[in-house]
Structures are given as structure tokens and as C-alpha cells.
Amino acid sequence: MSFLRRRSAATPTGPDFDVLAMDPGDWPGNLGAGLIPGPDGSCQGIFLRYDLFGGRGPAMLIGNLPEGSPAREPGEGEVPFEVAQLLLALGNDEPVHEVEREDIPVMHGDGLLIVRRIKVSEGRVACAQFDRDDGVQVTIATWDRPITDDLYQLLKPLPAEMFQQG
């Protein structure tokens with residue numbers, strides 16, 4: 001399945017990969033985006049924070065981490081980067097660790113995604129992760145709401161202009 005392609009530009013002003021997420025126009029709350037810079041100025045990842053709680057914290061965080069991003073490799077028993085960011089944004093400072101992983105096949109259009117459902121010790125957090133054809137890892141972390149298979153149908157590449165600095 002190849003539903004995304006790598007972008008290339010002579011002078012990149014944002015990530016050199018497509019960012020897969022829910023369209024901010026389809027989200028009824030506030031949206032924030034963060035870029036993870038590499039030491040050489042490259043983009044090591046993008047994460048989008050969706051706030052449905054009217055300023056009381058994010059309901060969902062979606063990360064896009066390319067190959068080689070140090071944020072892709074949590075330590076033994078640690079939670080994925082996106083889960084840690086979600087809990088940090090919510091002000092949750094209780095220790096949380098990964099409990100279990102399970103691979104689940106999910107239909108995406110005419111193709112099949114192999115989604116890793118990651119269970120963590122904080123029961124109000126749901127986390128799912130999959131790898132794209134271009135090597136970018138997508139992780140979805142939600143607070144107090146399950147991740148259902150129909151969520152994957154809402155994911156699409158966002159316009160590159162969203163991530164360009166003025």
C-alpha cells in the first residue's frame with residue numbers, strides 16, 4: 001500500500017515528509033502542532049495535539065516520526081513519545097509504563113494496515129501505532145476515549161504549508 005510519498009525540496013521549510021493526521025477543519029476544538037528539530041536542523045518529527053476539552057487539555061495526540069528519529073525508540077518499558085507528550089500536556093506526572101503490545105489488521109481503503117495497539121499502565125490512555133510505506137511511524141494517543149478502526153479512515157496528509165515558518 002503506498003498512499004503517501006516523500007517530498008523533496010531544495011530548501012525545506014518544514015518536514016520533508018507528508019504529515020498524516022485528521023484535518024484541523026474537521027476537529028471541533030483547538031489544535032496545536034509541534035516540530036521535533038534534529039541537531040542538523042532537520043525535522044525529526046511532527047506531532048499534532050487536538051483539544052476537545054475547551055482548553056482543559058488535549059483529547060488526542062497524533063505523531064509522525066520519520067526513520068532515524070530518536071523519539072521512535074523509547075527505552076525498555078517506557079511509553080511511546082506521543083503518550084508521554086499527551087500526559088505531560090494533561091499535567092499527569094504519575095509514572096506510566098507500557099504493559100502490552102498487540103498487532104491488529106485494519107482495513108484502510110483497499111489496503112491493510114497492521115496496527116500495534118499499545119496498552120499502558122494508565123487505563124485512560126489508548127495508543128495505536130502503524131508504519132507507513134515511506135518509513136514514517138504514525139502514533140495516535142488518546143485520553144479517556146477508545147481508538148476505533150474508523151479513526152484510521154479520517155487520517156489524511158495535511159498541506160505542507162501548515163508546517164512552514166513565516
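The values are calculated or read from the model by the stated rules, or taken from the named source; none is laboratory data. This one's a predicted model, so the numbers in the text were calculated from it and none came from an experiment. Virtual Cβ from ideal backbone geometry, glycine too; neighbours counted across all protein chains shown. We work out accessible area using only protein heavy atoms, side chains counted, and drop any ligands, DNA or RNA first. Shrake-Rupley method; radii C 1.70, N 1.55, O 1.52, S 1.80 Å.
What are the residues in segment 114-138 that are within 30 Å of Asp93 (Cα to Cα), open to solvent by less than 50 Å² (accessible area, probe 1.4 Å) and among the charged types (D, E, K, R), if any? Across segment 114-138, the qualifying residues are Arg116, Glu122. If the condition is being in contact with an Asp or Glu (Cβ under 9 Å, 6 or more places away or on another chain) and either at pLDDT below 90 or within 24 Å of Phe17 (Cα to Cα) (or both), then segment 118-154 contributes Cys127, Gln129, Arg132, Asp134, Gly135, Val136, Gln137, Val138, Thr139, Ile140, Ala141, Leu154. Candidates in segment 27-61 are the residues that are among the aromatic types (Phe, Trp, Tyr) and at pLDDT below 85; of these, the one that is surrounded by the most Cβ atoms within 10 Å (Cβ to Cβ) is Trp27. How many residues does segment 62-113 contain that are of a type in the set (A, V, I, L, M, F, W, C), touching a residue at least 40 places away in the same chain (Cβ under 8 Å) and open to solvent by less than 60 Å² (accessible area, probe 1.4 Å)? Of the residues in that region, 10 qualify. Would you check if Asp149 is more than 26 Å from Pro15 (Cα to Cα), out of contact with any helix residue (DSSP H, G or I) (no Cβ under 7 Å at 6 or more places or on another chain) and free of Cβ contacts under 8 Å to residues at least 60 places away in the same chain? Against the criterion (more than 26 Å from Pro15 (Cα to Cα), out of contact with any helix residue (DSSP H, G or I) (no Cβ under 7 Å at 6 or more places or on another chain) and free of Cβ contacts under 8 Å to residues at least 60 places away in the same chain), Asp149 qualifies.
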